[in-house]
1. Among the residues of region 102-142, write down those that are surrounded by fewer than 17 Cβ atoms within 10 Å (Cβ to Cβ), modelled with pLDDT of 85 or more and more than 21 Å from GLN161 (Cβ to Cβ).
2. Here are some conditions: (1) modelled with pLDDT of 90 or more; (2) farther than 15 Å from SER182 by Cα; (3) among the polar types (S, T, N, Q). SER154 meets all but one. Which one does it not meet?
3. So if I check each of SER182, SER141, which one is of a type in the set (Ser, Thr, Tyr) and touching an Asp or Glu at 6+ places or on another chain (Cβ under 9 Å)?
4. Kindly establish whether THR99 is under 10 Å from the mean Cα position of the chain (by Cα), closer than 26 Å to MET34 by Cα, at pLDDT 60 or above and outside the structural domain of ASN35 (by TED's automatic domain parsing).
5. For SER92, only one of the following conditions fails: (1) under 27 Å from PHE54 (Cβ atoms); (2) surrounded by fewer than 23 Cβ atoms within 10 Å (Cβ to Cβ); (3) in contact with a helix residue (DSSP H, G or I) (Cβ under 6 Å, 6 or more places away or on another chain). What is its number?
6. Can you go through TYR36, TYR16 and tell me which one is hydroxyl-bearing (Ser, Thr, Tyr) and modelled with pLDDT of 85 or more?
7. How many residues, within region 11-50, are outside any loop (DSSP other than H, G, I, E, B) and either surrounded by 11 or more Cβ atoms within 10 Å (Cβ to Cβ) or charged (D, E, K, R) (or both)?
8. Limited to region 166-176, what total is found for residues that are over 16 Å from LYS109 (Cα atoms) and surrounded by 12 or more Cβ atoms within 10 Å (Cβ to Cβ)?
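The values are calculated or read from the model by the stated rules, or taken from the named source; none is laboratory data. Because the structure is predicted, anything quoted here is derived from the model rather than measured. Because the Cβ atoms are built from the backbone with ideal geometry, glycine has one as well, and the counts that use them run over all protein chains shown.
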Amino acid sequence: MYQVGDQNIPLCLDCYLKFSQIQQQQVENNERMMNYASDEMAAVVGLPPIGPRFPPRPRPVFAAGVKLNNISVNNSVVGTINTGSIGTVDQSISALLQTGESGLAEAVKVLSEAILQSGDLSRNQKNELVESLSVVAKEASAPRESRRNTMALSLLEKAIQVTKGASDVAEICQKWWPVLVSAFSATGV
């Protein structure tokens, strides 16, 4: 169950997914309207459009009802993953990219794809790792001062231990887990 809004309304996984998709669509619509308003103002004044614009959104990939913009998931993996968690990971990657944390976004993306494609990890291990990565990615996308560092570091420590037994992702994990750990350490990134 997920709790949403000021009243902490409980939603099941499916309803939360739909709620998240509606929110994302509203954000995308607002971005397009802001771009349009900026262009309209420039046209009225007679100047070329100036200032930053919201970039166009990438075409989404649908995986078992989840819209993924950042993570590549092949069809053989779709039925074995918790789509709510992978959807949260994907949304967190978008949030990290929007806040300029491209290194963290890349780490989350590469690790999640490697975990999902691993042949050495069991289905339960993959789901556990994706769920942990979901929480860590969500925390990483929060402002640095409001991140729950102790919780994230605890989840990362456990994830590192689980992936040590998977030789097919060992090299990727050795490179990218430390990037995430540094985001929650006292010294920062």
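1. Correct list: SER102, GLY103, GLU106.
2. With (1) modelled with pLDDT of 90 or more; (2) farther than 15 Å from SER182 by Cα; (3) among the polar types (S, T, N, Q) applied to SER154, the lone miss is (2).
3. On the way: SER182 fails: touching an Asp or Glu at 6+ places or on another chain (Cβ under 9 Å).
Result: SER141 is the single residue among SER182, SER141 that is of a type in the set (Ser, Thr, Tyr) and touching an Asp or Glu at 6+ places or on another chain (Cβ under 9 Å).
4. no
5. That leaves (2) as the condition not met.
6. TYR36
7. 27
8. Step one: filter region 166-176 for residues over 16 Å from LYS109 (Cα atoms), giving 166-168.
Then drop every residue that is not surrounded by 12 or more Cβ atoms within 10 Å (Cβ to Cβ), which leaves 166, 168.
Count: 2.
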